[in-house]
1. Go through the residues of segment 532-544 one by one and say whether even a single one is over 26 Å from residue 351 (Cβ atoms), of a type outside the set (D, E, K, R) and not in a helix (DSSP H, G or I).
2. Could you check residue 367 against (1) open to solvent by less than 40 Å² (accessible area, probe 1.4 Å); (2) touching a residue at least 60 places away in the same chain (Cβ under 8 Å) and say which number it fails?
3. Considering every residue within segment 45-59, establish whether at least one is within 27 Å of residue 143 (Cα to Cα) and of a type in the set (D, E, K, R).
4. Take residue 312 and decide whether it is modelled with pLDDT under 90, assigned to a helix (DSSP H, G or I) and more than 17 Å from the chain's Cα centre (by Cα).
5. Could you look through segment 296-307, keep only residues that are among the hydrophobic types (A, V, I, L, M, F, W, C) and open to solvent by less than 30 Å² (accessible area, probe 1.4 Å), and pick out the one that is nearest to residue 247 (Cα to Cα)?
6. For segment 319-361, enumerate the residues that are within 29 Å of residue 548 (Cβ to Cβ) and either among the β-branched types (Val, Ile, Thr) or touching a Cys at 6+ places or on another chain (Cβ under 8 Å) (or both).
7. Would you please list the contacts, defined by Cβ atoms under 6 Å and residues six or more apart or on different chains, that run from a residue in segment 386-414 that is among the acidic types (Asp, Glu) to a residue that is outside any helix (DSSP H, G or I)?
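The values are calculated or read from the model by the stated rules, or taken from the named source; none is laboratory data. Nothing here was measured: the structure is a model prediction, and the numbers come from that model. With ideal geometry, Cβ positions are generated from the backbone for all residues, glycine too; neighbour counts draw on all protein chains shown. Calculation scope for accessible area: heavy atoms of the full protein, side chains included, ligands and nucleic acids excluded. Shrake-Rupley method; radii C 1.70, N 1.55, O 1.52, S 1.80 Å.
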Amino acid sequence: MERRLAAILAADVVGYSRLMEIDEAGTLDALTSRWQNILSPLLAAHHGRMVKLMGDGVLVEFASAVNAVRCAAELQSRMDEANTGLAGDRKILLRVGINLGDVMVEGADLYGEGVNIAARLQSIAGAGGIWLSQTVVDHVRNKIELQFEDLGQQQLKNIARPVRIYRVAGIGAPGGAAPVRASDELSAKCSIAVLPFVNLSGDAEQKYFSDGITVDIIAGLSRFRQLLVITHHASFQYRDETVDLRKVAQELGTRFIVVGSLRKAGTRLRVAVQLIEAPTGNHVWAERFDREMEDVFAMQDEITQTIVANIAGRIEEADRRRALRKNVENLTAYDLVLRGRDRLERGTRDDVLAARALFQSSRELEPDYAEACLCLGETYFYEAISSWTEDSDAAAGKLFALAEEAARLDDQNSRTHLCFAWAHWWIRGNYEMAEVQIDEAIALNPNALDNYCFKGWLSTCAGKLEQGIWCAGEAIRRAPNLPEHCLTTQVVAEYLLGRFDQAIATFGRMLHPPALMLAWIAACYANLDRAAEARATLAEFRARLQAERTGPSADDAESWRRFWSKRFPAKDPASLERLFDGLRKAGLSV
């Protein structure tokens, strides 16, 4: 089989299924016209060979990386011109990936890693954007007039080694989304800009720190697929200006803006940050960080992680409140997901089923909306582990099917891998595969609290108790006021390690402890020979279960053992027996 070096351009249409659903005939006609009148002449001018035309996508071979990049830039420019005057939900937006590498030739077709990398770059590129591998940038730098933004090394699916990725600056959206009208599928993402942090220290050398923390926050927020994050090339144009935030928001097309400042005093550094809802001027969140400068880069990482995790959570909470205020007839697919999450977090049977209906309605509006698919899968996870379903196997099967569907829609979404981790753990009892998937989720988004919370619980169930406590701590460190379910993991792990006083202290940090935690704390008291407190806590536990209608149907040892084996599916039965021993001491027949 022949081999050769080639520059491969892969492109496809963003939201193709949505466009076809809106106007199938019109979309096909418009796309055919653009292939014929825009793409074909550009390929001829830049000496590109069409390898495949796949309806909503193309694969093109170039002998020159320079020609490939110039062709892509002109293609996106011409597509923008063709979109002029079209409503946001009718625009045809391309995402483009280009790689230079070795390919295998079979007839007119091409195969191999050189092609695969281009396809992976295209799949994660921003709408209207062009993403390139390091090999392409090495060949074209200083040969064309374009600038490139370094996105760092990323692990692409089914590619053994990490690939350093760049995007062509000033073309398209920065991270898998485009600023289009609210009716567009992609507007189911909150838009946010991070303005350059102001250096108030009087030390010009600290400018690198303020710029660095700004860029790191932008990169961290870009990992949350529900957010549309403005590139730093756009937001840095407001450096050293006294700006009207409402005007900035209008110019950048964003709803939220992050502003911050940095001040050095002796050996200490103070960083202040605010999250502002620009149209209203409301301050959604603010925090101040005071740190010693002994390890300035470690401090920068810590501050960035905390800011990113808090901002993502606060934005979703602000949008959830907005969605709950909207009339039913004005709800979008995104609003339905937010309403569904609000119900799902309550955890009762009625709330889970109500959330499921909302997620299903969201999918009817946007069939390719991965987030709605993932949330729908979560409702079946809640059902599978509940005591109110008669067919947990069927619920678990739906969870796995929806995880696979979500992976088809968006395999770069960390929540997709989180959903797979749940499925492998709960359905198949495969701790190894679950750990692989949750590690992939963390790699894709190391600031998502749910990833650390689940890994902590998985580790605890697997008997890796210190790792479980560490993961819970990582989540709590990033957002100390948010993840109560991580405190749950910590209580369980501390109990199993025999740290009963510490588990009780951790429980005391919970504002709204789940009913199940009361049983673990009753067992703690019993093991500490605090019999009266153990009996009182156990009585409160049983009253909570009765009120929530989540307890076993019969009050006997076998029913309780089945109940607990679902709620704490320990890999080693000895861990469950340690809980049973404490509960028996507290007065529960188990």
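1. For segment 532-544, residues over 26 Å from residue 351 (Cβ atoms), of a type outside the set (D, E, K, R) and not in a helix (DSSP H, G or I): absent.
2. Answer for residue 367: the failing condition is (1).
3. Restricting attention to segment 45-59, the residues satisfying the condition of being within 27 Å of residue 143 (Cα to Cα) are 45-51, 58-59.
Subset that is of a type in the set (D, E, K, R): 49.
Checking segment 45-59: at least one residue is within 27 Å of residue 143 (Cα to Cα) and of a type in the set (D, E, K, R).
4. On the way: modelled with pLDDT under 90: yes; assigned to a helix (DSSP H, G or I): yes; more than 17 Å from the chain's Cα centre (by Cα): no.
No, not satisfied.
5. Within segment 296-307, the first condition is being among the hydrophobic types (A, V, I, L, M, F, W, C), and the residues that meet it are 296-299, 303, 307.
Applying the additional criterion that residues be open to solvent by less than 30 Å² (accessible area, probe 1.4 Å) yields 296, 299, 303, 307.
Values: 296: 34, 299: 33, 303: 28, 307: 24 Å.
The residue in question is 307.
6. Answer for segment 319-361, where residues must be within 29 Å of residue 548 (Cβ to Cβ) and either among the β-branched types (Val, Ile, Thr) or touching a Cys at 6+ places or on another chain (Cβ under 8 Å) (or both): 319, 328, 337, 340, 341, 344, 348, 352, 355, 359.
7. Close Cβ pairs (under 6 Å, with a partner that is outside any helix (DSSP H, G or I)) amount to 411/157.
Here's the yes/no breakdown for (1) free of Cβ contacts under 8 Å to residues at least 40 places away in the same chain; (2) under 29 Å from the mean Cα position of the chain (by Cα):
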{"site": "63", "(1), (2)": "no, no"}
{"site": "66", "(1), (2)": "no, no"}
{"site": "78", "(1), (2)": "no, no"}
{"site": "93", "(1), (2)": "no, yes"}
{"site": "99", "(1), (2)": "no, yes"}
{"site": "104", "(1), (2)": "no, no"}
{"site": "131", "(1), (2)": "yes, yes"}
{"site": "137", "(1), (2)": "yes, yes"}
